[in-house]
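Encoded as C-alpha cells, the structure appears first; notes follow it.
The values are calculated or read from the model by the stated rules, or taken from the named source; none is laboratory data. Predicted, not measured: the structure shown is a model, and the values here were computed from it. Neighbour counts are summed over all protein chains in view; Cβ atoms, including those assigned to glycine, are modelled from backbone coordinates with ideal geometry.
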Amino acid sequence: MNTLTTEVSDRQLRDILRSVRRIAVVGASTNWKRPSFFVMKYLSQKGYQMLPVNPRAAGQTLLGETVQAKLADVGPVDMVEVFRRGEEAPAIAEEAVQCGAKVLWLQIGVVSEEARAIAEKNGLQVVMNRCPKIEYSRLWGELGWQGINTGVISSQRRHR
C-alpha cells in the first residue's frame with residue numbers, strides 16, 4: 001500500500017466538506033505567504049469557521065479569529081486540519097478525539113499511519129496527504145484546467 005495516498009472517494013470528500021462547519025487549523029500561520037493562510041482564507045470565504053491553532057502566535061488575530069495556543073483551547077470542532085510534520089500527527093489525533101472532532105485531515109505531505117489508527121479507532125474519518133482547499137475547488141468546479149481559476153489570472157497583455 002502506498003502511504004502517500006488515502007483511500008477516500010470523491011463522494012466521501014464531498015460528504016466531509018458538506019458536513020463540517022468548525023475547522024481547527026493546527027499549524028496555522030499569520031504569514032499570508034504560507035499555505036495554511038491561503039487555506040484558511042479560502043475556506044472561510046466558503047462559509048467555514050476557521051479556528052487557528054499555533055502556540056507561537058497565540059493571542060493574535062488571524063482572519064477575524066483569535067489564534068489559540070493548543071487545540072484544547074478551541075472547544076468543540078467538526079474537523080481538525082493539520083499543517084504539522086507527520087511525526088506530530090499522532091498527538092494531534094489524540095487531541096482531535098478529545099475535542100470531539102469528526103474528521104482528522106492531514107495536509108499535503110503529512111502522512112501518519114499511527115495518527116490514522118488513533119483517529120479511526122475513535123470513530124473519526126481520516127484524510128491524509130490532501131488539501132481541503134484543493135479538494136473543495138476541484139469537487140465544486142472552481143479549478144480551471146491548469147489548476148487555477150483561469151478567469152482571474154492571465155499572461156495575456158491587455159490590448160488598449
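Applying the selection to segment 12-38, what residues are buried (at least 23 other Cβ atoms within 10 Å of the Cβ) and at pLDDT below 95?
SER36 - this is the single residue of segment 12-38 that is buried (at least 23 other Cβ atoms within 10 Å of the Cβ) and at pLDDT below 95.
If I filter segment 59-81 down to residues being touching an Asp or Glu at 6+ places or on another chain (Cβ under 8 Å) and either under 21 Å from GLY109 (Cα atoms) or among the hydrophobic types (A, V, I, L, M, F, W, C) (or both), which single residue comes out as modelled with the highest pLDDT?
Filtering first and then ranking leaves VAL80.
Please name all residue pairs, on different chains or six or more residues apart, with Cβ atoms under 8 Å, provided the first residue is in segment 81-105 and is farther than 18 Å from VAL20 by Cα and the second residue is modelled with pLDDT of 95 or more and among the acidic types (Asp, Glu).
ALA89/GLU114; PRO90/GLU114
Looking only at segment 49-93, which residues are in contact with a helix residue (DSSP H, G or I) (Cβ under 6 Å, 6 or more places away or on another chain) and either part of a strand (DSSP E or B) or farther than 20 Å from CYS131 by Cβ (or both)?
Those that are in contact with a helix residue (DSSP H, G or I) (Cβ under 6 Å, 6 or more places away or on another chain) and either part of a strand (DSSP E or B) or farther than 20 Å from CYS131 by Cβ (or both): MET50, VAL53, VAL67, ALA69, VAL80, VAL82, PRO90.
Where residues in segment 32-48 are assigned to a loop (DSSP other than H, G, I, E, B) and aromatic (Phe, Trp, Tyr), which of them is nearest to the chain's Cα centre (by Cα)?
TYR48
Read through the list (1) closer than 24 Å to GLY47 by Cα; (2) over 14 Å from the mean Cα position of the chain (by Cα); (3) surrounded by fewer than 21 Cβ atoms within 10 Å (Cβ to Cβ), then give the number of the only condition that GLN68 fails.
Status for GLN68: all satisfied but (3).
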